[in-house]
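Reading through the structure tokens given below for one structure.
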4 protein chains.
Amino acid sequence: MPKVAIVGATGYTGLELLRILAHHPQAEITCVTSRKETGKKIKEIFPFEDAFGELVFAPPEPDLVAEKAELAFLCVPHGAAAQMARALRAAGVRVIDLSADFRLKDPKTYESWYKLAHQAPDLLSEAVYGLTEIHREEIREANLIANPGCYPTASLLPLIPLLKEGLIAPEGLIIDAKSGVSGAGRSAKLRLIYCEVNEDFCAYNVAIHRHTPEIEQELSLAAQKEIVVNFTTHLVPMNRGILATIYAKAQTGDEQAFFEALRSYYASSSFVKILSPGQFPNTAHVRGTNLCLIGLKYDPRTGRLILVSAIDNLVKGASGQAVQNMNLMFGLPEETGLSKRPLFP
Amino acid sequence: MPKVAIVGATGYTGLELLRILAHHPQAEITCVTSRKETGKKIKEIFPFEDAFGELVFAPPEPDLVAEKAELAFLCVPHGAAAQMARALRAAGVRVIDLSADFRLKDPKTYESWYKLAHQAPDLLSEAVYGLTEIHREEIREANLIANPGCYPTASLLPLIPLLKEGLIAPEGLIIDAKSGVSGAGRSAKLRLIYCEVNEDFCAYNVAIHRHTPEIEQELSLAAQKEIVVNFTTHLVPMNRGILATIYAKAQTGDEQAFFEALRSYYASSSFVKILSPGQFPNTAHVRGTNLCLIGLKYDPRTGRLILVSAIDNLVKGASGQAVQNMNLMFGLPEETGLSKRPLFP
Amino acid sequence: MPKVAIVGATGYTGLELLRILAHHPQAEITCVTSRKETGKKIKEIFPFEDAFGELVFAPPEPDLVAEKAELAFLCVPHGAAAQMARALRAAGVRVIDLSADFRLKDPKTYESWYKLAHQAPDLLSEAVYGLTEIHREEIREANLIANPGCYPTASLLPLIPLLKEGLIAPEGLIIDAKSGVSGAGRSAKLRLIYCEVNEDFCAYNVAIHRHTPEIEQELSLAAQKEIVVNFTTHLVPMNRGILATIYAKAQTGDEQAFFEALRSYYASSSFVKILSPGQFPNTAHVRGTNLCLIGLKYDPRTGRLILVSAIDNLVKGASGQAVQNMNLMFGLPEETGLSKRPLFP
Amino acid sequence: MPKVAIVGATGYTGLELLRILAHHPQAEITCVTSRKETGKKIKEIFPFEDAFGELVFAPPEPDLVAEKAELAFLCVPHGAAAQMARALRAAGVRVIDLSADFRLKDPKTYESWYKLAHQAPDLLSEAVYGLTEIHREEIREANLIANPGCYPTASLLPLIPLLKEGLIAPEGLIIDAKSGVSGAGRSAKLRLIYCEVNEDFCAYNVAIHRHTPEIEQELSLAAQKEIVVNFTTHLVPMNRGILATIYAKAQTGDEQAFFEALRSYYASSSFVKILSPGQFPNTAHVRGTNLCLIGLKYDPRTGRLILVSAIDNLVKGASGQAVQNMNLMFGLPEETGLSKRPLFP
């Protein structure tokens, strides 16, 4: 049974790893760290933690982590993650990094969007982009996973197969994405307090969201051609869920062709489900699951294909996909410990 | 003091007219109708109704309405609205129709999208599309107003001036719109009950929403050229508000030019506010008001202009704009009785 | 592996049974019924149903159910449940009834509160009230379980041990309870649509709620004395969760004594957790779990003990407790297939 | 036209004063202060502020305030409020203090509950408790108003007339109150961020809430007898609204007598409405208004009277009542500028 650590376990992605791994039959959490809560038991901070309530938060020291675990999930901010990853890799610990630090292959792109010099550029070449359904084989062998962003996961899964098949044009893509509030993290910011978010809807980081280059990198790889996209993010007054509405110039008017291409591409990927043309997903139907649901419709009036994808931002968009990757890295069935049944309502 | 009637006063747009007119210094509600609640006092149905609590719901009989009021707001379903409008116009009553019946100038377009033969095609020529800031002069003289849809209001106000000025291309427009739940009306449907909507986000009526031809008609008029758009609607778990995110091919890279064009076009329209480039509106900031806030940003990477507009779907998107039109029809200042200050939070 | 049926599987408690049993290692769902959806696959109605998507809704015919299952969960309205239970018991099927039909031992009390003649009074004597932690031994042997109401579950678990120990007075009890909206069921009623519930809080059925006699019956049993209570219910704008705030006249001023009595009573009941005096539960901390969390505080100023309990109304308050009872009836460990880890946030 | 200042205008009660006074025909805001935003225009911080967008935040200096205004609303924390009040009173400015500093007549009670030495005990004797309907005459002449807490307002209005009439017993009162989140203020605290509050319900400050002595002081005054109460507060996932459910030992079994006593007491108070026995209020029906709705029912089974009151915590519970008091202080009709029509939905 693999021993794993969660570095930075008090945020929403760390908590979600605890939740998922509590039901995982093949992994043991041996170490959780928290700078702020060092020395306290998990259950002192989170009274609802039952399975791991007696675990004590360790300080985020690489040596301590390496002593206890063979794989570490990093749930710390970018910058800090790269430093931690370097130390852990040097100590032989396999790493799944949920930050953005190893997602962009070019450190210059990283610096330009994140306004920070990369803290471990030498590790970039060994990092594998952990979009499981797309990079499954490399993930099995990887020692350092760059776990994808939540928005990129929702955006890339519907687009990559269609770009590969040449069914949509690589130019002019628009991704209009909407996220629940847990995507903004668990920190005390005025703009996140209940009364500022509830009964409101807004766009944010328009044309400057940091997930843009990550999406473009992977789309370009799929299309074998440099792609730029319009990517806009919005905040939805709900806890969990991302819905991405995507507009692409269709290269065929045969709606069924898009459906078949996606269905076929994900035939052996049990977490990705393609709905019949004209049906569209609800985020409530993936709540708490590792699923990605994809709907589509061809609009003959404009020649555009409209794709709509839904994920739970904390599961398939973060911690669930991280566990899916861990499963592959340990030779376990990909689905181990991951739910396909939502908490509805 | 004009005497006005609300035909169909128990839905959300009817209730919102009651709310607005309660604070209106220059209009008197002399008649409210409700098929279902005929004979009951308003306050028996809505205990919070103070100003008009003693009014009694009349049956929706044109004669009764004509006897009591010189202007009627129609808050009944399409089809029924056209029939009521014909009878009221014949009796000399001015009409502001909040349904879709008189919005589309071509009855064939109406029949194709609404699957219904038009009930009063002869009145179409005298109907004025009540997007106040665009058709202000015709509205003053009109006797029959086709009050715009909520989505079209949010979509058209940012686009029309830019199309008129040739600052954006008429091809390839995408409108990705999101609405609070009151837009779906006040009726007992399973898909609208709390647990089916709360903590969910979804797209609906993708590529087939009935507001599409209304948007295209008015854009085509502005551009002097036939325009088709992608228009997608989404349901946000909140009571009120529409946010429309709009993507247009820019004809210039000068971001300030878009801002100035909009600012100048709406210089004398106190309900439309253009935010500085890079700033974007929140629906919470227009809650309960007749405002339309517009933000914009030019994205040099893709050559697209991104526009974001926010309205309260029940106010500027329905009953507020209806009162704004009524004000003009009666020679009152446009702003009379209409709030610019939101209930926040 | 026990074969079980869900009679009335399209409401929230039926759906919740599907969700829980999907993760249950020792039960097989062999039959689901729905009058309205007869003949359709589950996944046609609920696209998110993965585990049981191919199951087809049967009509609610006792013969069909008896042919396929050895135990049936009844998720149909009161009245209908008693009739179904009689037919199924006659056919040798064990029954867990989630309706109110077998909760009240006296059919006259039933008729007085439910305004309906009891449909199977002869079965009342064999029915066991399924509040698991209180009636565990009888449940093991039972063939007909009256699964408790959601409010009674939250109300009784904190009170029964303290009444048995004589630590609180049997007179003057007040239970002020608050529930999420899923407790109102999955039906198209105007008062349940999103905009009527969201951003609202209200009391309902004040002094006449039908769970009152059920609470009083079990409290009287515990106290060996007839008890009447004030019981008030409120609707909270959230999907799941019940919080009951309870006021009792304390028979001692020793706060620790209440804590120890509860802790000791539930020492071997892993779903009931007693918080340290002065700590109080959140409904979010039990979301999706079968837990009941109980907090308490003695107020020396008034001599009252304040108890606060939290459950998920669809799990411990309905379908989870039903599965807990099923586990006992089949000789399985009580916890089988039931989560203690909430979906948080 | 009275000139007024808002000291501490960036919190929710300060913002609400701006909203209300924007529609007030007889008051002019001449000064707003904010320590943090000094020198900025209101509209830089709150883009939705239209009426007062050009006002500039001044530092909270008493001299500056006194120069500009004849009355000041204090929306600053307790402790700071008393100091500001002393300086403003010395400069001849009339003060309406929305903090707790002048609500408790006995500075020892204040110190015991607020853990702070009173900063201006000499002013306590001139302070008038601003529960308008109860202390109307003293308020007219007052120069220093202690504006009531939100919970006390909702709790006292139903109880005081019944205690005065001897219709309920002064012993054994229980107030179980529930509040929307804006009552917790506008500050960046982790426990207030959206995902920690949404889809949750909890009790807080059980048996130690600071509004307790304020409630007891005023009840004791009404009953002419020392009263202690159980007072419990809960957090509801919504922006605005308080509902208080109150349990009292009835001194008569005549339900109509309670109704008549309340109706008669508030006959000339247009903001307090008594519902027919058995009807109960919704917080949504007072949203944005200065109303207090009161429902009641006598429960013959327990001999208790159940009262339910609803207010908007930011209006009748804070800023609306403050303006109501200001109106009286300036000889204006009490209702001036205050709405009775909710924003619904």
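The values are calculated or read from the model by the stated rules, or taken from the named source; none is laboratory data. No experiment lies behind these values; they were computed from the predicted model shown. All Cβ positions, even for glycine, are placed from backbone atoms using ideal geometry, and neighbour counts span all protein chains on display. Protein only, heavy atoms only, side chains kept; ligands, DNA and RNA dropped before computing areas. Shrake-Rupley method; radii C 1.70, N 1.55, O 1.52, S 1.80 Å.
With the Cα gyration tensor of segment A:193-345 giving a ≥ b ≥ c as the square roots of its eigenvalues, does the rule (a/c under 1.5 for rounded; else a/b larger than b/c for prolate; else oblate) give rounded, prolate or oblate?
Rounded shape, in that the Cα axes give a/c under 1.5.
Once the label point is placed 7 Å from Cα along Cβ, list for B:R136 the distances to the corresponding points in the other copies, in nm, shortest first.
4.5, 6.2, 7.7
Under 13 Å Cα to Cα from A:K41, which aspartates and glutamates show up? Leave out anything in the same chain fewer than 8 places away.
Those aspartates and glutamates meeting the cut-off are A:E49, A:D50, A:E54.
Distances in nm, one decimal, shortest first, from A:S220 to the same residue in every other copy, taking the label point 7 angstrom along Cα→Cβ.
Listed shortest first, these distances are 4.1, 7.5, 7.7 nm.
Where does the charge balance sit around A:R304 when Lys and Arg score +1, Asp and Glu -1, over other residues with C-beta under 10 Å from its C-beta?
After counting each charged neighbour, the total is +2.
Treating only the Cβ atoms of Lys and Arg (+1) and Asp and Glu (-1) as charged, compute the dipole magnitude of the protein assembly as shown about its Cα centre; round to the nearest 20 debye.
Numbers: 140 positive and 152 negative charges, 0 e Å.
Result for the protein assembly as shown is approximately 0 debye, rounded to the nearest 20.
Given springs between every Cα pair under 10 Å in a Gaussian network model of chain B, which of B:A117, B:A248, B:A85 has the largest fluctuation?
Taking springs between Cα atoms under 10 Å, the residue moving most is B:A117.
For the protein assembly as shown, which whole percent of the accessible surface, found with a 1.4 angstrom probe, sits on carbon and sulfur atoms?
That fraction is 48 percent.
Roughly how many Å is it from the Cα centre of segment D:34-107 to that of segment D:304-345, as a whole number?
Answer, in whole Å: 21.
Between chains B and D, what is the buried accessible area in Å², counting both sides, with a 1.4 Å probe and ligands, DNA and RNA left out, to the nearest 100?
What B and D bury together is about 2600 Å².
For segment C:58-64, take each phi angle, set θ = phi - 60°, evaluate the Karplus expression 6.51 cos²θ - 1.76 cosθ + 1.60, and give the result in whole Hz per residue in order, putting x for glycine and proline.
Result, rounded to whole Hz: 8, x, x, 9, x, 4, 4.
For the protein assembly as shown, rounded, prolate or oblate, judged on the Cα gyration tensor with a ≥ b ≥ c (square roots of eigenvalues), a/c < 1.5 rounded, else prolate if a/b > b/c?
Values: a/c = 1.29, a/b = 1.01, b/c = 1.28.
Rounded, since a/c falls under 1.5.
Considering chain B as a Gaussian network with a 10 Å cut-off on Cα pairs, which listed residue, B:P277, B:P300, B:P170, attains the greatest mean-square fluctuation?
B:P300
Using a Cα-Cα cut-off of under 16 Å, which lysines could be cross-linked to C:K68, ignoring same-chain neighbours fewer than 8 residues away?
The qualifying lysines are C:K3.
Shortest first and in nm with one decimal, please list how far the B:P300 label point sits from its counterparts in the other copies (point 7 Å along Cα→Cβ).
Distances to the matching label points in the other copies: 4.3, 7.1, 8.2 nm.
Could you tell me the center-to-center distance, by alpha carbons, between segment B:159-211 and segment A:12-29 in angstrom?
Rounded to whole Å, the Cα centres lie 38 Å apart.
At most 16 other Cβ atoms within 10 Å and a DSSP loop assignment: could you name the trypsin sites (Lys or Arg not before Pro) in segment B:113-158 that fit?
Values: sites: B:K115, B:R136, B:R140; in loops: B:K115.
Passing sites in segment B:113-158 are B:K115.
How high is the FRET efficiency from A:E335 to A:E260, r the C-beta distance, R0 30 Å, rounded to 0.05?
Values: r = 24 Å, r/R0 = 0.80.
FRET efficiency, A:E335 to A:E260: 0.80.
Just for the protein assembly as shown, what percent of DSSP beta bridges are antiparallel, to the closest 5? Before the final figure, lay out the partial values.
Values: 114 of 230 bridges.
Close to 50 percent.
Take segment C:17-110, drop everything but the C-alpha atoms, weight them equally and run the Debye formula without solvent; then report log10 I(q)/I(0) at 0.11, 0.12, 0.17 Å⁻¹ to two decimals.
Debye output, listed in q order: -0.35, -0.41, -0.79.
So what are the ³J(HN,Hα) numbers for segment C:150-159, from phi and the Karplus equation (6.51, -1.76, 1.60; θ = phi - 60°), rounded to whole Hz, Gly and Pro as x?
5, 5, x, 4, 5, 7, 7, 4, x, 7
How much FRET efficiency would the formula 1/(1 + (r/R0)^6) give for A:E111 and A:E226, where r is the Cβ-Cβ distance and R0 is 22 Å, rounded to 0.05?
Plugging the Cβ-Cβ distance into 1/(1 + (r/R0)^6) gives 0.70.
Kindly count the pairs of lysines across segment A:192-345 whose alpha carbons are less than 18 Å apart, treating pairs on different chains or eight or more residues apart as eligible. Could the numbers behind the result be given before it?
On the way: A:K225/A:K249; A:K249/A:K297; A:K273/A:K297; A:K273/A:K316; A:K273/A:K340; A:K316/A:K340.
Lysine pairs, 8 or more places apart or on different chains, close enough: 6.
For an R0 of 25 angstrom, estimate the FRET efficiency from the Cβ-Cβ distance between D:R136 and D:Q279 and round to the nearest 0.05. It would help to have the intermediate numbers written out before the result.
Working: r = 27 Å, r/R0 = 1.07.
The pair D:R136/D:Q279 has a calculated efficiency of 0.40.
Can you compute the helix-only [θ] at 222 nm over chain D? Use -39500 (n - 2.57) per DSSP H run of at least 4 residues, normalise by all residues, nearest 500 deg cm²/dmol.
Result for chain D, helices only: -8500 deg cm²/dmol.
Going by the rotation axis that takes chain D to chain C, pick out the residue of D with the closest C-beta and quote the gap in whole Å.
Axis relating chain D to chain C; nearest Cβ residue and distance: D:D176, 2.
Full extension from B:K41 to B:E126: what is 0.36 nm times the residue separation minus their Cα-Cα distance, to one decimal in nm? Show your work: numbers first, answer last.
Details: separation 85, 0.36 × 85 = 30.60 nm, distance 3.51 nm.
Length difference between fully extended and current span is 27.1 nm.
Given springs between every Cα pair under 10 Å in a Gaussian network model of chain A, which of A:S269, A:S125, A:S179 has the largest fluctuation?
Sorting by GNM fluctuation, first place goes to A:S125.
Which whole-Hz couplings ³J(HN,Hα) result when phi for each residue of segment D:183-199 is put into the Karplus expression 6.51 cos²θ - 1.76 cosθ + 1.60, θ = phi - 60°, listed in order with x for Gly and Pro?
Once rounded to whole Hz, the list reads x, 7, x, 10, 9, 7, 10, 4, 5, 9, 6, 3, 6, 8, 10, 4, 6.
Can you give the % of DSSP beta bridges in segment D:3-126 that are antiparallel, to the nearest 5? Spell out each step's value before the answer.
On the way: 1 of 16 bridges.
Taking every DSSP beta bridge within segment D:3-126, about 5 percent pair in antiparallel fashion.
Over all Cα pairs of chain B, how is the pair count split among 10 Å bins, expressed in % and running from 0 up to the last occupied bin?
Answer for chain B: a P(r) of 6, 26, 35, 24, 8, 1, 0 percent.
Please compute the length gained on full extension between C:T252 and C:S270, using 0.36 nm multiplied by the number of residues separating them and subtracting their Cα-Cα distance.
3.8 nm
Using modelled backbone amide H atoms (1.01 Å from N, in-plane), which distant-in-sequence or interchain residues come within less than 5 Å of A:H78's amide H?
A:A100
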